[in-house]
1. Got at least one residue in the stretch 128-148 being near ligand 1 (Cβ under 10 Å from one of its atoms) and modelled with pLDDT of 75 or more?
2. Check off (1) within 16 Å of ligand 2 (Cβ to nearest atom); (2) modelled with pLDDT under 80; (3) loosely packed, with under 11 Cβ neighbours inside 10 Å for residue 117 and give me the number that stays unchecked.
3. Can residue 79 be described as surrounded by 13 or more Cβ atoms within 10 Å (Cβ to Cβ) and touching a residue at least 40 places away in the same chain (Cβ under 8 Å)?
4. Would you confirm, using the coordinates I've provided, whether residue 70 is more than 16 Å from ligand 2 (Cβ to nearest atom), in contact (Cβ under 8 Å) with a residue 12 or more places away in the chain and outside the structural domain of residue 31 (by TED's automatic domain parsing)?
5. Looking at residue 141 and the list (1) surrounded by 14 or more Cβ atoms within 10 Å (Cβ to Cβ); (2) away from ligand 2 (no atom under 16 Å from the Cβ), which single condition is not satisfied?
Ligand SMILES: [Zn+2]
Ligand SMILES: [Zn+2]
């Protein structure tokens with residue numbers, strides 16, 4: 001009996017002892033460090049996903065309060081993509097659109113799809129470009145020299161536009 005009675009006061013003194021105090025302080029300290037780390041993580045993540053600095057500040061505040069639960073709420077509502085990825089994708093789409101626009105050349109007469117290297121529209125036989133006298137490469141109407149063989153394009157050479165204009169005039173006359 002004496003031993004049991006003696007043991008009981010020892011248990012209560014353990015909670016009041018310096019060891020317990022040290023463990024409790026360490027626990028609080030670790031919780032604070034973990035809390036600060038989660039807040040910093042939210043701030044860092046929000047900056048990569050959100051463009052508006054005010055929204056980043058609100059997200060960081062949510063990451064801080066309520067502690068530990070805030071970051072989970074933030075994760076539910078954060079934008080799904082990084083700003084960097086969104087910009088990269090937009091640039092890729094822009095590049096693809098430009099490529100498609102380049103590819104989408106059409107004959108001005110029959111609106112058939114033609115290639116930039118075509119001399120004549122294969123559908124309506126309209127002359128689209130003049131061939132170089134030396135290397136037969138297709139020449140753009142504004143070129144003064146062939147870029148493939150450096151031969152000078154004689155002035156007044158028949159270009160696509162020149163060929164097309166008489167056709168247009170004929171059409172408008174017919175219309176009258
Ligand atoms: Zn055509
Ligand atoms: Zn040439």
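1. Yes, the stretch 128-148 has at least one match.
2. Just one mismatch for residue 117, condition (2).
3. Taking the combined requirement at face value, the residue does not satisfy it.
4. Taking the combined requirement at face value, the residue does not satisfy it.
5. (2)
The values are calculated or read from the model by the stated rules, or taken from the named source; none is laboratory data. Here the structure is a predicted model, which means the values were calculated and not measured. In this analysis, Cβ positions are derived from the backbone assuming ideal geometry, glycine residues included, and neighbour counts consider all displayed protein chains.
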